[in-house]
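Enquirer: Below you will find the structure I want to go over with you.
The values are calculated or read from the model by the stated rules, or taken from the named source; none is laboratory data. Worth saying up front: this structure is predicted, and the values here are computed from it rather than measured. Positions of Cβ are backbone-derived with ideal geometry, glycine not excepted, and every protein chain shown enters the neighbour counts. Keep in mind that these areas ignore ligands, DNA and RNA; they rest on the heavy atoms of the full protein, side chains included. Shrake-Rupley method; radii C 1.70, N 1.55, O 1.52, S 1.80 Å.
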Amino acid sequence: MQSAQNRPDLYSYVARNIVAPAWALWERSPYLNHLRYLEESQYRSLNEVQADQWTRLKAVLKHAYETTAFYRERFDSIGIRPDDIRTWQDFNALPVLSKDDIRNNIDTMLSSAVPREQLIQRKTSGSTGVSLAVYVDDASRQLKRACTIRHDRWADWNLGEVVACIWGNPEYKKSWRGHLRNAFLERAVYLDTLRMDEQAMLEFHRTVLRRKPTLFFGHAHSLYLFARFVERKGLEPPRPRGVISTAMVLHDFERAMIESVFGCPVTNRYGCEEASLLACECEVHDGLHINCDTIVLECLNGGGPVAPGEVGALVVTDLTNYGMPLIRYKVGDTGRMAMGPCSCGRSYPRLASLEGRIADYVRTPEGEYISGISLTENFAMDLAGIRQLQIVQRKIDYLLFRVVPGQGWSETDRKALARLVEKRFGTAMRHDVEYVDGIQNESSGKYRFCISELGGDQL
Ligand SMILES: [Zn+2]
């Protein structure tokens, strides 16, 4: 028998209506005002949304040209001034910004109009393991904070309610202010994904039964691992009203497991450290609404936009970050756009699906893409002796298999693996097997099925 879903506790009303406004006042943060605006405006027509987006875009282009050496030089080199950009087609003609562009020009990309002390550094682990730093100004951060809360509310959660986070490196632990804020306002309980052993998961399970979070939040795969743990151990399932999965591709088998164990829908979300929340599912769960209030998201192949339904590289323009403008930034992920409006009534266009981080794909020597997750699944299924597997593509014709051998692993499996490599990739692909005790989560807490170390443009 399934028990009822958790109700918000009494304190959540206090946190929302008293603590949050008082704290915002003390911090001098306008995020609650932003939130009110974003809540009220989320059902505008597509024309209104796009007109607003265009106004913000024009402003950020002008700002980038006038206050950063990098964009001024970039625009000048192709003979374009911000005033020349009058249509979306004009905008599409601007050059795409790569991770290398950012790495090589970080100083000239910072705006001279925003004081350095107002900038906050954001670091990503990067698709090839090389980290990338960007800077975000505080005004942008406050607006994005409001956006995130609006989208959290789409998962049937409300500000002030307890959240269970399955996430690496909890932020709040870094300062006493963070501890205080977490205790009285953010109310998050954590399962640190850098340590997801049995004892940690049992402790976390006890905590969530006691604290009754209305929302679970975490990486797709970590949420899946915890749900599977609860099921396999026959533990009493937690009963949140919603689950938000983010930071990595959510696979159908993961969604199905999480929904069946927790008894509520999973809301898929897509974001990146550089520009925060990019797109999020609504209550209908039919694609991810693009967060047009803070970004422009393009889906490109061969330089031009792709038709709905076709896979393209995702390119983001941040409409709010005046400290370090990001214009047409290639995030390193691929996706497909959805067609037509969503039945929820919001007009924000949608991503039909996220196809995966580009690095989560392996390439054959002929240049064909194979999804890393499918590949690991396929190998793990055919080789019964494998407990866990990670595939690292070092070169276009060289793969490294990190294998955690199970009890039944034998030389026969080793030979079967070689046959599978040949069948999938042809005789030109070389490979090695490295035996390991376990496969580590990355420092961000994400678990990678597959790592591509191939550089350069992959799409
Ligand atoms: Zn919708």
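Enquirer: Please compare each pair in 233/423; 99/395; 212/233; 174/212 to a cut-off of 29 Å on the Cα-Cα distance and tell me which ones are over it.
Expert: Values: 233/423 38 Å; 99/395 20 Å; 212/233 20 Å; 174/212 25 Å.
Beyond 29 Å: 233/423.
Enquirer: Assuming a ≥ b ≥ c are the square roots of the Cα gyration tensor eigenvalues, decide whether the chain counts as rounded (a/c under 1.5), prolate (otherwise, with a/b larger than b/c) or oblate.
Expert: Details: a/c = 1.77, a/b = 1.12, b/c = 1.58.
Since a/c reaches 1.5 but b/c is at least a/b, the shape of the chain is classed as oblate.
Enquirer: With each pseudo-label sitting 7 Å past Cα toward Cβ, what's the residue 199-residue 4 distance in nm, one decimal?
Expert: The modelled label-to-label distance comes out at 3.8 nm.
Enquirer: Would you work out which of 113, 344, 146 lies farthest towards the positive end of the dipole of the chain? Charges go on Cβ: Lys and Arg +1, Asp and Glu -1.
Expert: After comparing all options, I get 146.
Enquirer: How big, in percent, is the set of alpha carbon pairs in region 364-452 lying more than 23 Å apart?
Expert: 18
Enquirer: Largest first, how would 167, 157, 176, 26 line up by accessible area (1.4 Å probe)?
Expert: 176, 26, 167, 157
Enquirer: Now, a different point. Over the chain, what is the mean sequence separation of C-alpha contacts under 8 Å (at least six apart), divided by residue count, expressed as relative contact order in percent?
Expert: Here the relative contact order equals 15 percent.
Enquirer: Over region 364-452, what is the relative contact order in percent, taking alpha-carbon pairs closer than 8 angstrom and at least six residues apart?
Expert: Over region 364-452, the number comes to 35 percent.
Enquirer: Classify region 239-383 as rounded, prolate or oblate from the Cα gyration tensor: take a ≥ b ≥ c as the square roots of its eigenvalues, call it rounded if a/c is under 1.5, otherwise prolate when a/b beats b/c and oblate if not.
Expert: oblate
Enquirer: If you don't mind, another one. How much accessible area per residue does region 181-303 have, in Å², with a 1.4 Å probe?
Expert: For region 181-303, the per-residue accessible area is 35 Å².
Enquirer: Grab the other residues whose beta carbon is less than 15 angstrom from that of residue 190, score K and R as +1, D and E as -1, and report the net.
Expert: Net of charged neighbours comes to +3.
Enquirer: Continuing with this model, one more query. Please sort 58-64, 240-246 by packing, taking for each peptide the average over its residues of neighbouring beta carbons within 10 angstrom, highest first.
Expert: 240-246, 58-64
Enquirer: Express the carbon and sulfur contribution to the solvent-accessible surface of the chain as a percent, rounded to the nearest whole number, probe 1.4 angstrom. Show your work: numbers first, answer last.
Expert: On the way: 10550 of 21040 Å².
It is 50 percent, rounded to a whole number.
Enquirer: Sticking with this one: With each run of n ≥ 4 DSSP H residues scored as -39500 (n - 2.57), what mean residue ellipticity at 222 nm is computed for the chain after dividing by its residue count and rounding to the nearest 500 deg cm²/dmol?
Expert: For the chain, the value works out to -10500 deg cm²/dmol.
Enquirer: Which value, in Å², gives the accessible area per residue of region 364-452 when a 1.4 Å probe is used on the protein heavy atoms? Don't jump to the answer; show the numbers that get you there.
Expert: Details: 4630 Å² over 89 residues.
I get 52 Å² per residue for region 364-452.
Enquirer: With charges only on Cβ, +1 for K and R and -1 for D and E, what is the dipole size of the chain about its Cα centre, in debye, rounded to 20?
Expert: Rounded to the nearest 20 debye, it is 1000 debye.
Enquirer: Let's see if you can work this out: charge +1 on each Lys and Arg Cβ, -1 on each Asp and Glu Cβ, no other charges. What is the dipole magnitude of region 364-452 about its Cα centre, in debye to the nearest 20?
Expert: It comes to approximately 60 debye.
Enquirer: Under 10 Å from the Cβ of residue 238, count the other residues' Cβ atoms, weight Lys and Arg +1, Asp and Glu -1, and hand me the total. Let's see the in-between values first.
Expert: On the way: positive: 211, 212, 239; negative: 236.
Local net charge: +2.
Enquirer: Want the number for residue 47 to residue 27: 0.36 nm per residue separation, take away the alpha-carbon distance, what's left? Numbers along the way, then the final one.
Expert: Values: separation 20, 0.36 × 20 = 7.20 nm, distance 3.51 nm.
Going from the current span to full extension adds 3.7 nm.
Enquirer: Filter the GluC sites (Glu not before Pro) in region 1-57 to those in DSSP coil with at most 16 other Cβ atoms within 10 Å of their Cβ, and list the result.
Expert: Sites meeting the loop and neighbour criteria: none at all.
Enquirer: Could I ask something else about it? Amide H neighbours of residue 323 under 5 Å, counting only residues 5+ apart in sequence or on other chains, H built in-plane at 1.01 Å?
Expert: 137
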